[in-house]
Each structure stands twice: as C-alpha cells, then as structure tokens.
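What follows is a single structure, written as structure tokens, with notes after it.
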Amino acid sequence: MTVVLVVAGAILVVAALLLVVRMTIGPTILDRSVALDVMVAVTVCAIALLTAHTGETYALPVLVVLAGCAFVSAVSVARYTSRSDDLQAENGDDERAAGRRP
C-alpha cells in the first residue's frame with residue numbers, strides 16, 4: 001500500500017508542476033483557467049490520498065468545499081468568456097454595417 005501511495009503522490013506532484021508551468025505560460029485566460037481548475041482537482045486528489053493514508057476523515061468537508069468552488073469558478077469563467085465573444089461579434093457586425101472592415 002505504501003508503494004502505491006508514493007507513486008500516486010509522485011504523479012500528483014509532477015502534474016502540479018506541469019500545471020504551474022501551464023498557468024505561467026498560458027497565452028489565453030482560458031488556458032490559465034483550465035489549468036487552475038485542474039490544479040484544484042489535483043489538490044482534491046492529494047487531500048483524498050492523505051485521507052486514505054491516515055484513515056482520518058476530518059478533511060472530507062474540505063474536499064466538498066473545494067469541489068464546489070472549482071465548479072462555480074469554472075462556470076463563472078465560461079459565462080464570462082462566452083459573453084465577451086458575443087460582445088466582439090456585435091462590434092464586428094456594427095463595423096460591417098457601417099462599411100468598415102473589422
């Protein structure tokens with residue numbers, strides 16, 4: 001069991017490092033948002049791994065709160081970016097109607 005926990009922990013550390021790189025060099029806000037959302041998922045997995053290792057259940061409410069926050073933040077970013085695309089499309093339509101190039 002200890003070998004499995006160590007391997008799983010190492011995989012989570014590598015994933016977290018790669019996500020930090022993605023959040024740093026991500027060219028768009030969507031790249032950074034997805035990386036942050038996956039980082040929260042990796043954190044939830046790490047806490048679950050700790051809970052499985054120790055057998056203590058005091059961290060389970062933290063998992064629920066983190067999962068809820070991740071969901072709300074992902075939906076908020078998705079709504080924000082979808083509205084900004086609509087605004088850009090409306091501005092392009094106005095410019096075309098006025099005879100200007102977008």
Report, largest value first, the span of the C-alpha coordinates of the range 2-97 along each principal axis, in whole Å. 67, 27, 15
Karplus-derived 3J(HN,Hα), 6.51/-1.76/1.60, for each residue of the range 26-39, Hz, glycine and proline x: x, x, 10, 5, 5, 4, 5, 5, 5, 5, 5, 5, 5, 5
Filter the chymotrypsin sites (Phe, Trp or Tyr not before Pro) in the range 16-88 down to the DSSP loop ones having no more than 10 other Cβ atoms within 10 Å, then list what survives. Tyr58
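Computed from the coordinates by the stated procedures, all read-outs in this text should not be read as laboratory data. Quick caveat: nothing in here was measured; it's all calculated off a predicted structure. In this analysis, Cβ positions are derived from the backbone assuming ideal geometry, glycine residues included, and neighbour counts consider all displayed protein chains.
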